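Here is the structure we will look at, set down as structure tokens.
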Amino acid sequence: MTSKKRRQRGSRTHGGGTHKNRRGAGHRGGRGRAGRDKHEFHNYEPIGKSGFKRPEKAKLDVAEITVRELDEDIALLVADGVAEETEHGYHVDVRDVVEDGHEVDAVKVLGTGQVHNQLEVVADAFSESAIERIEGEGGEAVLTERGEELASDDENEESED
């Protein structure tokens, strides 16, 4: 079979219909980005802005840890000197446990998993389920000063709405 280029030799229009076709920009639908919001819209991204970008000063860098991780690793944490054993159970500051805990804005304890030990956990924030699980086993969830500030800021924002 011969190539398309070879077959078009001698042809006036090279398969483009009449000699008037393929001449002006009108046959192409315009030049450049013409028609991007009419007949060529599917070839271009939407025009205009959309969405919302949160300001950097409003963003908090929050590290998270689950009660399951704390409960499972409590013996290792005591051995490493990160947590301490008391007569009522264990006392642990999660900023010492979490990687880069002292560099982030806040450390939050999440309620995933089960708790089998009596834990006194000090953190900046707790989920409701984390508080339930810790206190359900006879432990205590203690907010830091930073956590109390964050909680009062959240309450102020909600009352303004």
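See the values below:
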item	result
Leading residue by the ranking (least open to solvent (accessible area, probe 1.4 Å)) among those in region 79-94 that are farther than 15 Å from VAL122 by Cβ and part of a helix (DSSP H, G or I)	ALA79
Residue within region 108-122 that is closer than 18 Å to ARG95 by Cα and in contact (Cβ under 8 Å) with a residue 60 or more places away in the chain present	no
So THR13, is it surrounded by 12 or more Cβ atoms within 10 Å (Cβ to Cβ), out of contact with any Asp or Glu (no Cβ under 8 Å at 6 or more places or on another chain), closer than 30 Å to ALA125 by Cβ and of a type in the set (Ser, Thr, Tyr)	no
Region 63-89 residues that are more than 21 Å from GLU103 (Cβ to Cβ) and touching a residue at least 60 places away in the same chain (Cβ under 8 Å), paired with ones that are open to solvent by 40 Å² or more (accessible area, probe 1.4 Å) and among the hydroxyl-bearing types (Ser, Thr, Tyr) (beta carbon under 8 Å, 6 or more apart)	VAL67/THR112
Residue satisfying all of: in region 96-122; among the acidic types (Asp, Glu) and part of a loop (DSSP other than H, G, I, E, B); least open to solvent (accessible area, probe 1.4 Å) among these	ASP105
The one condition in (1) open to solvent by less than 50 Å² (accessible area, probe 1.4 Å); (2) at negative phi that LEU143 fails to fulfil	(1)
Neighbours by Cβ (under 8 Å, 6+ apart or cross-chain): first from region 12-38, closer than 25 Å to GLY48 by Cα; second open to solvent by 70 Å² or more (accessible area, probe 1.4 Å) and of a type in the set (A, V, I, L, M, F, W, C)	GLY35/PHE41; ARG36/ILE47; ASP37/ILE47
Every residue from region 22-32 that is modelled with pLDDT under 90 and open to solvent by 50 Å² or more (accessible area, probe 1.4 Å)	ARG22, ARG23, GLY26, HIS27, ARG28
Residue tally, condition open to solvent by less than 70 Å² (accessible area, probe 1.4 Å), out of contact with any strand residue (DSSP E or B) (no Cβ under 6 Å at 6 or more places or on another chain) and either in a strand (DSSP E or B) or touching a residue at least 40 places away in the same chain (Cβ under 8 Å) (or both), over region 123-139	1
Matching residues in region 37-72 - criterion: being open to solvent by less than 100 Å² (accessible area, probe 1.4 Å) and touching an Asp or Glu at 6+ places or on another chain (Cβ under 9 Å)	TYR44, LYS59, LEU60, ASP61, VAL62, ALA63, ASP71
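The values are calculated or read from the model by the stated rules, or taken from the named source; none is laboratory data. This is a predicted model, so every value here is computed, not measured. All Cβ positions, glycine included, derive from the backbone under ideal geometry; neighbour counts span all protein chains shown. The protein model used for the area step is the full one, side chains on, heavy atoms only, and it has no ligands, DNA or RNA in it. Shrake-Rupley method; radii C 1.70, N 1.55, O 1.52, S 1.80 Å.
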